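Step one of this worksheet: look at the structure below.
The values are calculated or read from the model by the stated rules, or taken from the named source; none is laboratory data. Just so it is clear, the model here is predicted, and its values are computed rather than measured. Backbone-built Cβ (ideal geometry, glycine too); neighbour counts: all protein chains shown. Calculation scope for accessible area: heavy atoms of the full protein, side chains included, ligands and nucleic acids excluded. Shrake-Rupley method; radii C 1.70, N 1.55, O 1.52, S 1.80 Å.
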Amino acid sequence: MLKHMTVLVAYHSEVWMKVAVNSFRAFFPDQFDQPLLIVNNNRKPCAETEWLLSRSDLLVIPGKGSFSHGDGMDAGLQWCRENGFEVMVHIEPDCLVSGTQWFLNLLQAIENGAWMAGGHRKDYGPI
């Protein structure tokens, strides 16, 4: 299996971030011997940042640039590359994780040679 890191971008998303992180950990409690990578795009200290930093299962790094969501994803990707991860699995902070198959499907698609995979089929075709 390729070395992978799951990444979320935080920006004024405290309520949703708690749902995403807690539901992800509920379905993947022991599968990963690593933290979730959180790119903190919050510019000022806030309750979300405090909560993120209080969790020992999260690795929180600062955002860069304009603090847009895309810049946060770029910061996460840069961190993954610099730290030897071959795959970045990005999930949105407003996700409610309710199973494991979606994650396994994403990783399997990458293992099978896809350079990008997604879990939602668009009207014009799959991601």
Subject >> Where labels lie 7 Å past Cα in the beta-carbon direction, separation of residue 105 and residue 51 in nm >> reply: 2.8
**OP:** Please work out the average accessible area per residue across the chain, using the 1.4 Å probe convention, and give it in Å².
**Re:** 60
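Suppose every Lys and Arg Cβ carries +1 and every Asp and Glu Cβ carries -1, with no other charges. What dipole size does the chain come out with about its Cα centre, to the nearest 20 debye?
Dipole size: approximately 140 debye.
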**OP:** Taking H placed 1.01 Å from N in the peptide plane, check which residues at least 5 places from residue 90 or on another chain put their amide H under 5 Å from its amide H.
**Re:** 7
Original post:
How much of the calculated P(r) for the range 6-87 lies past 23 Å, in percent of all Cα pairs?
Top reply: 17
Original post:
Once amide H atoms are built 1.01 Å from N in the peptide plane, which residues 5 or more positions from residue 59, or in another chain, come under 5 Å H to H?
Top reply: 36, 37, 38
Original post:
Roughly to the nearest percent, how much of the accessible area of the range 1-83 is carbon and sulfur, given a 1.4 Å probe?
Top reply: 56
Original post:
How would you order 53-64, 8-19 from highest to lowest mean count of nearby Cβ atoms within 10 Å?
Top reply: 8-19, 53-64
**OP:** Report relative contact order for the chain in percent, whole number only (criteria: Cα-Cα under 8 Å, sequence separation at least 6).
**Re:** 35
Original post:
What is the helix-to-structure angle for 69-82, meaning the angle in degrees between its Cα long axis and the longest Cα principal axis of the chain, kept from 0 to 90 and rounded to the nearest 10?
Top reply: 70
